[in-house]
Amino acid sequence: MGSNEIDRMAFLRMVPLGLFLCFLAAGSSIAAEADFRCRSIEAVRTSQPPKIDGILDDPCWEKAPVAKPFIDSYTSKPAQDQTEAYVLYDEKALYVAFKCFDSRPDLIIARETKRDGNPWDDDFVEVAIDPFKIGQFQGRNVFKVNAIGTQFTEIRGGRTEKTEWKGDWEAAVSRTDFGWTAEMAIPWDIMDHPSPKKPITIGINFGRHQPRTSTFSFWSDLGWPFHHEWNGYLVGVLLPKSKVKSLRALFYLLGGAEPQQRVLRGGLDIRYQPSPQTNLLFTANPDFSNVEQDVETIDFSYLPRAYSDKRPFFQEGGEMFGLDFQDFYSRNIGRIDGGLKLYSRVGRTSFGIMDCMDIGDWNAFVATIGRDVGRASSLKGYIVRKDDKDGYDQVIALKGDGRFGDLCMGAGLHGNMKEGGSGSTGGAYIGWNGKNVGMRLSLSYLSPGYKPALGLPRGDPMKGGGFGISYSERWKSGESTRFFNIGSSIGDIRYYEGGRYMSNIYSYVSFSLNRKVTESYWCRLLFSSNSYKNFNDNYVQVSPGLLWKHKDLFSIEIRSSGSYGRRQEKKYIFLNPSIDITIGRNVFLARYYYEFLQHGERREQHVVWFNFNITPEHGIGSRFVWREGRWNWYFSYRQGVRKGTDAYLIVGDPNAQEFQKRAFLKLVAPAW
């Protein structure tokens, strides 16, 4: 018996073992306190809305129901520092107030001053609203405010940043001798919602993040990892009826010069809401050339890497159009002349249509439909099609995912049809995603002929699977928190017609320490042994780091990653140190990172990025990239007001391989 056959038999023996371990974990798990899950609170309508100033002295709050206690999501027990949330509503908005009790109010921290920036190093509170009572992560609208009053918004479906486009809401905070307080006023119009004729129940939850103790607590306990199906309910809400249909428009005008020509162009974005559940978007000649995308790494990889797409048109309606990269990778689409999006939700069913084109050259079309089933399961189907001078290329896919407590499973089937051939791919998995233990067993295949024109290549036709297991633990000691993680996975992939294609053994261990809110240290050790076609690879990776903060004045984060071994029968060294510096309440931010690759030949990359927020609405930014003797640099100034006209000055091209002698002034304003 050959070694390949022995390996295959060993992998097949993992299948029943993996299933046994998943169900063993299911039978031996300790449930969180069920009394704190799926909690309900009665809706109270107010005739006198509060003044949003962060001070809870309005008479209406005395009649508001109180949501308490708050539960530590990791321990599923009442949090050490408690929080109280109050909620009211009227025809126009939902009103929420928080009392945040803190045993060390002198150590409350909040540094982020840019709206919709990064709040995760700050003390903040949030309310998550699920108007359709979906009970899943993608159904929530989340509104956060940190302890200095900076607001953060996550609208279901995704929206661009302009207030005239996505709507606005209010928040204010105040410091007290017991901690701090917050108030919010969230208009119903900012969210997609049903329009019933009688009171209904909607999903709601209140949360608080306290970085000093590494605690994220909720009124309705979500457990760990988060189970969004355990969110709470607001009972008896009479939502506003459908109002006059909403029509909004933004236009841009861009003028400037680049080598050998002057440029003057414009574009238009239109949003039409025929109902609170439906959004129709149209874009004409959007400006993609000045959207700063991620810098691609120079690290070695056998297969292409996926990067996020930051262009607003492709971010809109992300819940509906977040498809598998193998079928639709929007960064494969360059400039477009125009595009159209329609997405909506009716109860637990959602659907979306997208069409974009380069007139006379190609057209790309996407249609999706999804159905939320039960409290934590969903089905989704979609079509992706591209038509160009070479003919058509079409993908049809159907997939489903479900979670039952900590047990999760899913499956998908994708077919690719084109002129001259067809192919398919599919897979299934079952796993356990518990508080401390995680496991996953997966099987998949990729047939010949499956190469979608708009997808990200997955490699050669294959079939196989893998199994992974991990363990994590967290310990608290006073205001210090320690984290420990360890895991391993094994996989075996064969060519579709037989014979070894790739296999891997991957193991890691990591440790981190957070001390109060001023210091963090971590280190991760990884070992990988794998084969790819005729190559046998082995390497180790070490990734240490530290973060140090001094109140609201200064912070420095140093990360490093080093890999050493052999890949593709060559010596492999990859180094990636980086340093991030923040001065003030995120007034000045600078980052430098370096990449060094020794793999047959030597390659290097330097990236320097900085941003200076003169005010929350005015700032300058720049990025410098040097790669293998070529360099690119760009500079931008923004006047990004939330209402009215935005102005941008852009020098250079943020995504070019080399510096481009170009400068533009761009104005973005509401058309009405």
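We did not get these values from a lab; they are worked out from the coordinates using the rules stated. The structure displayed is predicted, hence computed values, not measured ones. Here the Cβ is made from the backbone with ideal geometry for all residues, glycine too, and neighbour counts use every protein chain on show.
A compact table of results
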{"read-out": "nm² value of the averaged projected area, convex hull over the Cα atoms of region 408-526", "value": "9.9 nm²"}
{"read-out": "Global geometry of region 49-206, whether rounded, prolate or oblate, following the gyration tensor of its Cα atoms and the 1.5 cut on a/c", "value": "rounded"}
{"read-out": "Region 226-322: relative contact order in percent, alpha carbon pairs under 8 Å with at least 6 residues between", "value": "17 percent"}
{"read-out": "SER275/GLU154 FRET efficiency (R0 25 Å; Cβ-Cβ; nearest 0.05)", "value": "0.70"}
{"read-out": "Long-range Cα-Cα pairs in the chain (distance over 31 Å), rounded percent", "value": "61 percent"}
{"read-out": "Pairs beyond 27 Å (Cα-Cα), from LYS133/LYS386; LYS451/LYS571; LYS92/LYS144; LYS51/LYS241", "value": "LYS133/LYS386; LYS451/LYS571"}
{"read-out": "Radius 13 Å from Cβ of PHE325, net charge of other residues (Lys, Arg +1; Asp, Glu -1)", "value": "0"}
{"read-out": "Peptides 357-366, 204-213 ordered by average Cβ neighbours within 10 Å, highest first", "value": "204-213, 357-366"}
{"read-out": "Contact order normalised by residue count of the chain, Cα under 8 Å, 6+ apart, percent", "value": "10 percent"}
{"read-out": "Amide H partners (placed H, <5 Å) of SER220, local residues excluded", "value": "PHE206, GLY232"}
{"read-out": "Region 588-632, relative contact order in percent, only Cα pairs under 8 angstrom and at least six apart counted", "value": "33 percent"}
{"read-out": "Order by protection proxy (mean Cβ within 10 Å, highest first), peptides 561-570, 427-436", "value": "427-436, 561-570"}
{"read-out": "Net charge of Cβ neighbours under 13 Å - reference TRP61; Lys, Arg +1; Asp, Glu -1", "value": "-3"}
{"read-out": "Calculated from backbone phi, Karplus (6.51, -1.76, 1.60) coupling profile of region 425-441 in Hz, x at Gly/Pro", "value": "8, x, x, 8, 8, 9, x, 10, 10, x, 4, 10, 10, x, 9, 7, 10"}
{"read-out": "Dimensionless Rg/Rh of region 322-447 - Kirkwood Rh, Rg from C-alpha atoms", "value": "1.04"}
{"read-out": "Neighbour-limited loop hits for GluC sites (Glu not before Pro), region 425-521 (at most 13 other Cβ within 10 Å; DSSP other than H, G, I, E, B)", "value": "GLU497"}
{"read-out": "Rounded to whole Hz, the Karplus (6.51, -1.76, 1.60) HN-Hα couplings of region 536-541, x for glycine and proline", "value": "10, 10, 9, 7, 10, 9"}
{"read-out": "In order through region 39-46: 3J(HN,Hα) via Karplus (6.51 cos²θ - 1.76 cosθ + 1.60), integer Hz, x for Gly, Pro", "value": "6, 10, 9, 6, 6, 10, 8, 10"}
